[in-house]
Amino acid sequence: MLHRFPFSAMASPCELQLYGDDEAAVAEAARAAIAEVERIERKYSRYRDDSVLSAINHSAGEPDGVAVDDETAGLLDYATTAFEQSDGLFDISSGVLREVWDFRSGRVPERAAVERVLERVGWQRVRWQDGRIRLAPGMQIDFGGFGKEYAADRAATVCHEHGVSAGLVDLGGDISIVGPHPDGSPWKVGIRDPRARDDAIAWIPVAHGGVATSGDDQRCMVIEGRRYAHILDPRTGWPVSGLASVSVVAPHCLLAGTASTIAMLRGEEGADWLDGLGLPSLCVDTEGRVRGARGLRRGEGRGVTTHA
C-alpha cells in the first residue's frame with residue numbers, strides 16, 4: 001500500500017509517499033524522516049539565533065572564527081567544490097544581497113547600493129581550513145541554495161534505514177527518490193510550466209536519484225514588463241536572465257539542485273553546460289521555448305510535480 005504523509009518544513013509544503021504493508025512501521029519511518037528534515041532546518045536556518053549558521057555569521061570579523069562539526073564541514077567542503085567548479089557562480093556568501101533586493105517591495109535597488117553590498121560577497125574571501133571557518137567583517141553565509149535538497153536526500157536515507165525501499169520525499173518540489181514503485185516502474189515527476197503553473201510542460205520517469213528545479217517564477221517581481229528573478233549573480237549582484245526554469249535529474253537531489261541553480265546563473269549557456277555534464281535536464285527560456293530536453297519525455301504523465 002502507498003501511504004502519504006504531508007507536512008510543512010523550510011517554508012514549503014512537503015510530503016512523503018512511502019510503500020509498505022506494515023502501516024505502523026511505515027509511519028515510524030515517516031516520523032523519523034520528518035524529524036531529520038526538522039533537525040536540519042533547526043541546525044542551518046538563518047532565521048534562528050541558535051542555529052549553527054547564525055553562530056558562523058555572528059562570528060564575522062573575529063580572527064579565530066568558529067570551529068564546526070563534521071556534518072557542517074562536509075557541507076562547507078561541498079560549497080567550496082561547487083564554487084570552484086561553477087567559476088564562482090554558486091556562492092553561499094551571496095545571501096547578503098538580500099539587504100538591497102526585496103522582491104516584495106516592487107522596487108529595483110540603486111546600482112550603487114548593490115555595489116556596496118558586493119564588497120561583502122565572495123567565497124574566495126572566506127578562510128575555511130582545519131575545521132574552522134573565518135568570515136571577513138560583514139560577511140554571511142547561507143545554505144538556502146542547497147539546504148532543502150540536502151534534507152530531501154537525508155530523509156530518503158532515513159527511510160531506507162527504516163526498511164522502506166519504495167517511495168519518494170518531496171520537499172516543496174525538491175524530490176529524492178527512496179526507490180521505484182514495488183513493481184519496479186519509475187515515478188513520474190511533472191515539470192511545471194514556469195508561465196502557466198497549473199500545467200505540466202513535461203514529465204520525467206525517475207526510479208532513482210533526485211530531481212530539482214530552479215526558476216524565475218517564484219519570489220520575483222515584474223516592473224514595467226521586466227521580470228527580476230530572486231536568483232542573483234554573485235559577481236554582479238543582479239538577477240539572472242535568459243532562462244525561465246531549469247530542471248535536472250541527478251544521482252542525488254543535492255546535485256540536481258546545485259546543477260539547476262548553476263545552469264540558471266549561466267543564462268543562455270545553461271542548457272549546453274548541462275548537456276556537457278550528461279545530466280538529464282529540461283530548460284525553458286524566457287520566450288517559453290524548451291531547450292536541452294535531454295533524456296526526458298514531454299507533455300503527458302501523472303505524479304508529483306517539481307517547481308522552483
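In the set 50, 21, 64, 87, which member is part of a loop (DSSP other than H, G, I, E, B), surrounded by fewer than 12 Cβ atoms within 10 Å (Cβ to Cβ) and on the phi > 0 side of the Ramachandran plot?
Result: 87 is the single residue among 50, 21, 64, 87 that is part of a loop (DSSP other than H, G, I, E, B), surrounded by fewer than 12 Cβ atoms within 10 Å (Cβ to Cβ) and on the phi > 0 side of the Ramachandran plot.
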task: Please find, within segment 251-267, the residue that is nearest to residue 193 (Cα to Cα) out of those that are surrounded by fewer than 22 Cβ atoms within 10 Å (Cβ to Cβ) and touching a strand residue (DSSP E or B) at 6+ places or on another chain (Cβ under 7 Å).
output: 267
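Are any residues in segment 30-47 part of a helix (DSSP H, G or I), of a type in the set (Gly, Ala, Ser) and either under 20 Å from the mean Cα position of the chain (by Cα) or not assigned by TED's automatic domain parsing to the domain that holds residue 168 (or both), and if so, which ones?
Hits for segment 30-47 are 33, 35.
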query: Somewhere in segment 158-179, is a residue surrounded by fewer than 18 Cβ atoms within 10 Å (Cβ to Cβ), among the β-branched types (Val, Ile, Thr), free of Cβ contacts under 8 Å to residues at least 60 places away in the same chain and touching a strand residue (DSSP E or B) at 6+ places or on another chain (Cβ under 8 Å)?
result: no
- request: Determine which single condition residue 77 fails, assuming it passes every other condition in (1) closer than 21 Å to residue 136 by Cα; (2) surrounded by 12 or more Cβ atoms within 10 Å (Cβ to Cβ).
  value: (2)
- prompt: Is it true that some residue in segment 161-174 is among the β-branched types (Val, Ile, Thr), within 24 Å of residue 20 (Cβ to Cβ) and at pLDDT 95 or above?
  reply: yes
task: Scan segment 138-183 residue by residue and report those that are out of contact with any Pro (no Cβ under 7 Å at 6 or more places or on another chain), in a loop (DSSP other than H, G, I, E, B) and aliphatic (A, V, I, L, M).
output: 139, 141, 164
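Taking segment 163-219 only, how many residues are among the small types (Gly, Ala, Ser) and within 22 Å of residue 285 (Cα to Cα)? Give the derivation first.
Going through segment 163-219, the residues among the small types (Gly, Ala, Ser) turn out to be 163, 165-167, 172-173, 176, 179, 184-185, 190, 196, 200, 202, 207, 209-210, 212, 214-215.
Next cut, within 22 Å of residue 285 (Cα to Cα) only: 173, 190, 196, 200, 202, 212, 214-215.
So the count comes out to 8.
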- line: Going through segment 184-223 in order, the residues found to be polar (S, T, N, Q) and not in a strand (DSSP E or B) are 185, 218
task: Scan (1) closer than 30 Å to residue 23 by Cβ; (2) buried (at least 20 other Cβ atoms within 10 Å of the Cβ) for the single condition residue 147 breaks and write down its number.
output: (1)
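Here are 235, 227: which of them is farther than 20 Å from residue 149 by Cα, outside any loop (DSSP other than H, G, I, E, B) and not assigned by TED's automatic domain parsing to the domain that holds residue 108? First the steps, then the outcome.
Values: 235 fails: outside any loop (DSSP other than H, G, I, E, B).
None of the other options fit; the residue is 227.
Suppose we filter 164, 158 for residues that are out of contact with any Leu (no Cβ under 8 Å at 6 or more places or on another chain) and of a type in the set (Val, Ile, Thr); which single one remains? Let's see the steps before the verdict.
On the way: 164 fails: out of contact with any Leu (no Cβ under 8 Å at 6 or more places or on another chain).
Exactly one of 164, 158 is out of contact with any Leu (no Cβ under 8 Å at 6 or more places or on another chain) and of a type in the set (Val, Ile, Thr), namely 158.
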- request: Within segment 94-106, identify whether any single residue is surrounded by 13 or more Cβ atoms within 10 Å (Cβ to Cβ), assigned to a loop (DSSP other than H, G, I, E, B) and hydroxyl-bearing (Ser, Thr, Tyr), and answer yes or no.
  value: no
From 73, 79, 27, residue being of a type in the set (Gly, Ala, Ser), in a helix (DSSP H, G or I) and not assigned by TED's automatic domain parsing to the domain that holds residue 123: 27
- request: For segment 53-61, state whether one or more residues are of a type in the set (Ser, Thr, Tyr), touching a residue at least 60 places away in the same chain (Cβ under 8 Å) and closer than 20 Å to residue 234 by Cβ.
  value: no
query: What about residue 116, is it basic (Lys, Arg), surrounded by fewer than 18 Cβ atoms within 10 Å (Cβ to Cβ), part of a loop (DSSP other than H, G, I, E, B) and not assigned by TED's automatic domain parsing to the domain that holds residue 257?
result: no
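The values are calculated or read from the model by the stated rules, or taken from the named source; none is laboratory data. Computed from a predicted model, the values in this text were never measured in an experiment. Glycine also receives a Cβ, built like all others from the backbone with ideal geometry; neighbour counts cover every protein chain displayed.
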